[in-house]
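I have placed the structure first, in the form of structure tokens, so that the comments after it can refer back to it.
Quick note: the coordinates plus some simple rules give every number you see, no bench work behind them. Please read these numbers as outputs of a predicted model, since none were measured by experiment. When we count neighbours, we look across all protein chains shown, and the Cβ atoms used for this are built from the backbone with ideal geometry, even at glycine.
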Amino acid sequence: MGKKVVEIENLVKRYKELIALDHLNLTVEEGEIFGLLGPNGSGKTTAINCILALLHFDKGSVKVFGEEIQPDSYEIKKQIGVVLQNVAVFEELTVQENIDYFCGLYIQDKRTRKKYVEEAIVFSGLEDFRNFYPKKLSGGLLRRLNIACGIAHKPKLIIMDEPTVAVDPQSRNRILEGIQKLNQQGATIIYTSHYMEEVEQICSQIAILDKGRCVASGTKEELKSMIKMGEKIHLEVWNLQPFQIAEIKELRHVYQVNYQEGMLEIWCSGGKHNLVHILDYFNSREIGFGRVYSELPTLNDVFLEITGKELRDSV
Ligand code: ADP
Ligand code: MG
């Protein structure tokens, strides 16, 4: 087991009647890209704010680098880089001045700071915009500036709260690649998102949040192996009879069937050759069919099986 960078135990946070975090437990180890995946309102930002001691919580404990963090824990905070959900930069400072300001909160030595600011500008691809004021930047560039401000001081732990929301695909890819690069350079990352594709793409460990609770955690492979669904097969087929649908339901590994508007969806539990068995059935009964394709489980399927809700639709 790696060193523990963040340990959250039985964390409870209430906003009056509302329980935003309901006995949350999480452990983030050194070197991970740790994904906090959950729909809007599941408590991601609240959890981040508790980790940073920006919020007072009701119960439980939060440790960062083995210590309980306090609002004035300067030595711990120096080692954390934060990219908050809402862009927070100074309108009256240029791109370069903004990065220099945030870097200067932790790096006093002028020469080191100059070098770090330059590296953050290059890292974020903001070379051509260094003298721009934030209001002249597109949404994607503004996000990149927000990130540059958070990481310029080379923190060991980087926390990013939905850094790609409302960002164009090009900037989004650049941000995701950037996160992987920071991780390769040694930073531990906590990354929150309600986009399952992103979390699957970059995160080595994932915790799925729903209503302030962690409903499942592990690698993406572990999460997918927790659920019944191993494969979902789609078949275009016309005039299928109810008795045939019932027969298909009896095939090996099949546990659910849905037939609507000429499209048959077949949920299969793990197991090999599901498609072969199904096509054998259609061929042996001489039932014609059109398009066929098979889908492997996504993190949305994991969320759906555990909570009964769509991760996507609940956004
Ligand atoms: P997420 O970041 O996953 O979208 P949040 O942590 O922002 O979720 O919110 C969790 C829950 O707490 C939501 O129901 C939200 O409406 C509520 N909430 C968040 N901040 C406040 C606040 N300052 N006052 C009252 N309720 C809040
Ligand atoms: Mg949030």
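Quick notes on this structure:
- Magnitude of the charge dipole for segment 9-56, about its Cα centre and with charges confined to Cβ atoms of Lys, Arg (+1) and Asp, Glu (-1), is about 340 debye.
- Net dipole in debye of the chain [+1 Lys, Arg Cβ; -1 Asp, Glu Cβ; about Cα centre; nearest 20]: 760 debye
- In nm, spacing of pseudo-spin labels at Arg312 and Lys3 (7 Å Cα→C-beta vector): 4.1 nm
- Working from label points 7 Å from Cα in the Cα-to-Cβ sense, the Thr219 to Asn10 distance is 3.2 nm.
- Distance between the modelled labels on Leu251 and Lys135, one decimal in nanometres: 6.2 nm (7 Å Cα→Cβ projection).
- For the chain, built as a Gaussian network whose Cα springs stay under 10 Å, the top-fluctuating residue of Glu286, Glu67, Glu75: Glu286
- Listed residue pairs exceeding 28 Å between alpha carbons, taken from Lys4/Lys135; Lys13/Lys228; Lys13/Lys309: Lys4/Lys135; Lys13/Lys228
- Here the gap between Glu261 and Asn25, fully extended at 0.36 nm per residue and compared with their Cα-Cα distance, gives a gain of 80.5 nm.
- The length gained on full extension between Lys115 and Leu275, counted as 0.36 nm times the residue separation minus their Cα-Cα distance, comes to 51.9 nm.
- Helix content alone sets the calculated 222 nm mean residue ellipticity of the chain: runs of n ≥ 4 DSSP H residues at -39500 (n - 2.57) each, divided across all residues, give -9500 deg cm²/dmol.
- In order along segment 109-124, the Karplus-derived 3J(HN,Hα) couplings, from 6.51 cos²θ - 1.76 cosθ + 1.60 at θ = phi - 60°, round to 4, 5, 5, 4, 5, 4, 5, 5, 4, 4, 4, 5, 5, 5, 4, 8 Hz, and Gly and Pro are given as x.
- Relative contact order (percent, whole number), segment 1-157, Cα cutoff 8 Å, 6+ residue spacing: 22 percent
- Springs between Cα atoms under 10 Å define the GNM used for the chain, and in it the highest mean-square fluctuation of Glu92, Glu221, Glu29 occurs at Glu92.
- Cα gyration tensor shape of the chain, rounded if a/c is under 1.5, else prolate or oblate by comparing a/b with b/c: prolate
- 3J(HN,Hα) along segment 296-303, derived from phi through the Karplus expression 6.51 cos²θ - 1.76 cosθ + 1.60 where θ = phi - 60°, amounts to 8, x, 10, 5, 5, 5, 4, 4 Hz, with x in place of Gly and Pro.
- FRET efficiency for Gln241 and Arg291, using Cβ-Cβ distance with R0 set to 30 Å, rounded to 0.05: 0.90
- Net charge dipole size for segment 164-315 [Lys, Arg +1 and Asp, Glu -1 on Cβ; Debye, nearest 20]: 360 debye
- Selection from Leu251, Tyr293, Ser269, by position along the positive dipole direction of segment 228-296 (Cβ): Ser269
- Descending by average beta-carbon neighbour count within 10 Å, the peptides 49-58, 105-114 line up as 49-58, 105-114, the highest first.
- Residues of type aspartates and glutamates that Lys224 reaches as a straight line, Cα spacing below 18 Å, ignoring anything fewer than 8 places off in the same chain: Glu197, Glu198, Glu200, Asp210, Glu295, Asp301, Glu305, Glu310
- Residues of type aspartates and glutamates that Lys115 reaches as a straight line, Cα spacing below 13 Å, ignoring anything fewer than 8 places off in the same chain: Asp100
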